[in-house]
Amino acid sequence: MINNEDLLKEISSQQLLELSDINATGTINQNVIDDALNDAISFIESFIVMPAQPTPLLKKISVDLTIYELKRKNELLSDEDKELKKECEAYLLKMSNGKLKTEITSTSTASFDETHTNFAFRHNTRRRVNTKGFR
């Protein structure tokens with residue numbers, strides 16, 4: 001669903017290194033990131049079923065909650081982070097009620113017949129409209 005590139009759009013690579021490197025090895029620990037992502041997905045799935053093709057808003061919520069979980073594991077949560085989680089919860093609640101979409105669907109089933117030439121306000125006859133009596 002999301003990967004490190006999505007996380008790096010929100011935080012720097014240095015921050016991602018610091019949040020994931022719990023053993024102080026100087027490298028990004030992918031297991032810690034995956035664990036935080038799984039925690040975020042579990043939280044999201046307590047509201048909705050995770051779709052195969054999530055909307056950009058749902059991906060953003062996943063990224064925000066993953067970063068929240070990484071900060072929580074390192075005990076670096078601020079009031080701003082807690083407010084962000086509440087905002088994400090509000091969006092997830094709206095998604096669970098059906099007020100916001102969760103999945104990108106291509107419902108474009110409209111077809112256009114290129115051979116059809118009769119469009120609105122296009123007349124095949126060139127007769128003028130009789131305007132007698134309108135003045």
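I'd like to know if region 119-133 contains one or more residues that are modelled with pLDDT of 90 or more and in a loop (DSSP other than H, G, I, E, B). No, region 119-133 contains no residue that is modelled with pLDDT of 90 or more and in a loop (DSSP other than H, G, I, E, B). With the structure loaded, tell me whether Asp113 is modelled with pLDDT of 90 or more and of a type in the set (Asp, Glu) or whether it fails that test. Taking the combined requirement at face value, the residue does not satisfy it. Restricting attention to region 1-16, the residues that are in a helix (DSSP H, G or I) and surrounded by 12 or more Cβ atoms within 10 Å (Cβ to Cβ) total 6.
Of the listed requirements (1) within 18 Å of the chain's Cα centre (by Cα); (2) of a type outside the set (A, V, I, L, M); (3) farther than 29 Å from Ile104 by Cα, Lys71 misses just one: (1). From the list Thr55, Thr107, the one residue that fits, being surrounded by 12 or more Cβ atoms within 10 Å (Cβ to Cβ), modelled with pLDDT under 95 and β-branched (Val, Ile, Thr), is Thr55. Given the criteria buried (at least 19 other Cβ atoms within 10 Å of the Cβ) and either assigned to a helix (DSSP H, G or I) or of a type in the set (Val, Ile, Thr) (or both), does Leu19 qualify? Answer is yes for this residue. If you go through region 9-33 and pick out every residue that is within 14 Å of Lys71 (Cα to Cα) and either in contact with a Lys or Arg (Cβ under 8 Å, 6 or more places away or on another chain) or among the basic types (Lys, Arg) (or both), you end up with 3.
Restricting region 22-57 to residues that are of a type in the set (Val, Ile, Thr) and assigned to a loop (DSSP other than H, G, I, E, B), the residue that is farthest from the chain's Cα centre (by Cα) is Thr25. The single condition among (1) loosely packed, with under 14 Cβ neighbours inside 10 Å; (2) farther than 30 Å from Asn23 by Cα; (3) modelled with pLDDT of 90 or more that Tyr91 does not meet is (1). Val32 meets each of the listed conditions (1) over 29 Å from Ile104 (Cβ atoms); (2) surrounded by fewer than 15 Cβ atoms within 10 Å (Cβ to Cβ); (3) among the aliphatic types (A, V, I, L, M) apart from (2). You will find that of Lys101, Lys86, Lys9, Lys73, the residue that is basic (Lys, Arg) and at pLDDT 95 or above is Lys86 and no other.
The values are calculated or read from the model by the stated rules, or taken from the named source; none is laboratory data. In this text, all values refer to a predicted model and were calculated from it rather than measured experimentally. Note that each Cβ is placed from the backbone with ideal geometry, even for glycine, and that neighbours are counted across all protein chains shown.
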